[in-house]
Amino acid sequence: MSSPGPIQADTAVVAAFVTDEPLDHGQAVTAVQDERTGAVVSFSGVIRDHDGGRSVTSLDYTCHPGAGAAVEQVARSVADEFPGVRIWAAHRVGHLGIGDSALEAAVGAAHRKLAFAACDALVDRIKTEVPIWKEQLFADGSTEWVGLDA
């Protein structure tokens, strides 16, 4: 009796969206797992209390109306490039405080190297290709926009 070949997870974009609701890391991780998944790699982009030596109090994220479709396109592109992965990605918009998650991404795959590579590509592309901008609010009352082209 011969054994079957390796089973790979179906390539899928489980979810990819923009929301003004809090993000749930556990939901992202759980969504990409199935019986064929041997590795899950995840990323949480969390609001920190500093940037460039300055004290940050909060961030406001604003997006283009097409940002949701752009996140979906990025996720599909990464799924096409890395066959056998399952992807979940979401970016939050609105007012976020220190410790809030602005970006959650998870990739499930049969093997760790594939999951790591796909998650890295996914996060990099969301940050560079999706029209979302942030305004940092500093403790001294000043603000700074990040991601806007002058």
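Quick notes on this structure:
- Pairwise alpha-carbon distances in region 66-124 exceed 19 Å for 32% of all pairs.
- Note on T128 and T19: the model spin-label points, each 7 Å out from Cα along the C-beta direction, lie 2.8 nm apart.
- Relative to the longest principal axis of the Cα atoms of the chain, the long axis of helix 112-129 makes an angle of roughly 30 degrees.
- Total charge dipole magnitude, the chain, about the Cα centre, Cβ charges on Lys, Arg, Asp, Glu only, Debye to nearest 20: 480 debye
- Förster-model FRET efficiency, 30 Å R0, T143 and S77, C-beta, rounded to 0.05: 0.35
- Stokes-Einstein D in µm²/s, Kirkwood radius over Cα pairs - the chain at 37 °C with 0.692 mPa s viscosity: 203 µm²/s
- Cα-based equivalent ellipsoid, region 92-150: semi-axes from gyration tensor eigenvalues, Å: 29, 14, 8
- The sum of -39500 (n - 2.57) across all DSSP H runs of n ≥ 4, divided by the residue count of the chain, sets its helix-only mean residue ellipticity at 222 nm to -8500 deg cm²/dmol.
- Extension gain for the segment R112 to D51, taken as residue separation times 0.36 nm less the Cα-Cα distance, is 18.8 nm to one decimal.
- Length gained on full extension, H95 to T30, computed as 0.36 nm times the residue gap minus the Cα-Cα distance: 20.8 nm.
- Local electrostatic count at D100 - Lys and Arg +1, Asp and Glu -1, tallied over other residues with Cβ under 14 Å: -3
- Positive contributions from Lys and Arg (+1) and negative ones from Asp and Glu (-1), summed over other residues with Cβ under 15 Å from the Cβ of A110, come out at +1.
- DSSP-defined antiparallel bridges as percent of all bridges, region 1-93, nearest 5: 20 percent
Since every read-out is calculated from the coordinates, none of them should be taken as a lab result. No experiment lies behind these values; they were computed from the predicted model shown. Note: ideal-geometry Cβ built from the backbone for every residue, glycine included; neighbour counts use all protein chains shown.
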